[in-house]
Amino acid sequence: MGSPSSEPGRSSAEGPQHEVTISQGFYLGKFEITQGQWEAVMGTTPWSGKDFVQSNPNHPAVWVSWDDMQEFIGRLNEAAGEELFRLPTEAEWEYAARAGTTTRWSFGDDESQLGDYAWYFANAWDVGEQYAHEVGMKLPSPWGLYDMHGNVWEWCQDWWGTNYYSSSPSVDPIGPATGEARVLRGGGYFNIAQRVRSADRGMGRPSDRPYGGRGARLLRIQ
């Protein structure tokens, strides 16, 4: 996890770079949770009438907080009759995003290729497409996951800790025990290239629904 001190665009919260073991397998959604999926589970459309969003069943569900995601997941688990679903931890998210790589992005270090894999500032916000785009329209990662870089920031399960990497356990880290903000990963359609790197970290208060740039990806336990 994290990035080397030499990586362009790196922030101090991404260090120290360290090895982490994920001891249990898991499934991660190949797409971000869509508006169609959200409406089917929740019966609501919190993005309707909001700025920086297009209403479309195949676009990411946005204008949703971390707390909203817990209600969404609770309904799925109730329907399943067991605790199958949750948000990924930050470690699980980065493990999946890297897909076995140690480069800036899962496809390598060549920024000129980023537009083939991600919706970000240069090919979305800066050209007037100021909204999250339909999932799965860019190339997938080596592990077949789409939009891990860009499109929308994705809520993770963990509390945020600026210096957590200095003291986190090496096996199945789950973030600090308490906090004021939850982790967000992946960057969004309004972020420059350095903010959609595999190691980049973001945060937000769990009740926040500040704009149409935050969504999530669902984890299912094995």
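The values are calculated or read from the model by the stated rules, or taken from the named source; none is laboratory data. Worth saying up front: this structure is predicted, and the values here are computed from it rather than measured. Cβ coordinates were reconstructed from backbone atoms using ideal geometry, including for glycine residues, and neighbour counts include every protein chain displayed.
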Could you check, for region 159-174, whether at least one of its residues is modelled with pLDDT of 95 or more, in contact with a Lys or Arg (Cβ under 8 Å, 6 or more places away or on another chain) and closer than 18 Å to Glu94 by Cα? yes
Hey, Asn56 part of a loop (DSSP other than H, G, I, E, B) and either in contact (Cβ under 8 Å) with a residue 60 or more places away in the chain or out of contact with any helix residue (DSSP H, G or I) (no Cβ under 8 Å at 6 or more places or on another chain) (or both) or not: yes
Lone qualifier among Glu111, Glu154 - being crowded, with 20+ Cβ neighbours inside 10 Å and either farther than 25 Å from Gly25 by Cα or in contact with a strand residue (DSSP E or B) (Cβ under 7 Å, 6 or more places away or on another chain) (or both): Glu154
Tally time: how many residues in region 195-222 are among the polar types (S, T, N, Q) and surrounded by 18 or more Cβ atoms within 10 Å (Cβ to Cβ)? 1
Among what's in region 76-101 and is assigned to a helix (DSSP H, G or I) and in contact with a Lys or Arg (Cβ under 8 Å, 6 or more places away or on another chain), pick the residue that is farthest from Ser141 (Cα to Cα). Glu90
Show the residue pairs that are 6+ apart or on different chains and have beta-carbon atoms under 6 Å apart, the first residue being within region 64-87 and among the basic types (Lys, Arg), the second being not in a helix (DSSP H, G or I). Arg86/Leu219
Within region 59-75, residues buried (at least 17 other Cβ atoms within 10 Å of the Cβ) and either part of a helix (DSSP H, G or I) or not aromatic (Phe, Trp, Tyr) (or both) come out as His59, Pro60, Ala61, Val62, Val64, Ser65, Trp66, Asp68, Met69, Phe72, Ile73
Counting only residues in region 132-151 that are outside any strand (DSSP E or B) and either among the small types (Gly, Ala, Ser) or on the phi > 0 side of the Ramachandran plot (or both), the one surrounded by the fewest Cβ atoms within 10 Å (Cβ to Cβ) is identified as Gly144
Do any residues in region 1-28 that are within 15 Å of Ala99 (Cα to Cα) have Cβ atoms under 8 Å from those of residues that are of a type in the set (Val, Ile, Thr) and surrounded by 15 or more Cβ atoms within 10 Å (Cβ to Cβ), where the two are at least six apart or on different chains, and which pairs are they? Met1/Val20
If you scan region 14-53, which residues turn out to be surrounded by 18 or more Cβ atoms within 10 Å (Cβ to Cβ) and in a helix (DSSP H, G or I)? Glu14, Gln35, Gln37, Trp38
Members of region 169-192 found to be buried (at least 21 other Cβ atoms within 10 Å of the Cβ) and either polar (S, T, N, Q) or more than 21 Å from Trp63 (Cα to Cα) (or both), listed by number: Pro173, Asn191
If you go through region 102-116 one residue at a time, how many are outside any strand (DSSP E or B) and touching a residue at least 60 places away in the same chain (Cβ under 8 Å)? 5
Hits in region 188-214 (condition: in a loop (DSSP other than H, G, I, E, B) and under 16 Å from Arg98 (Cβ atoms)): Arg197, Ser198, Ala199, Asp200
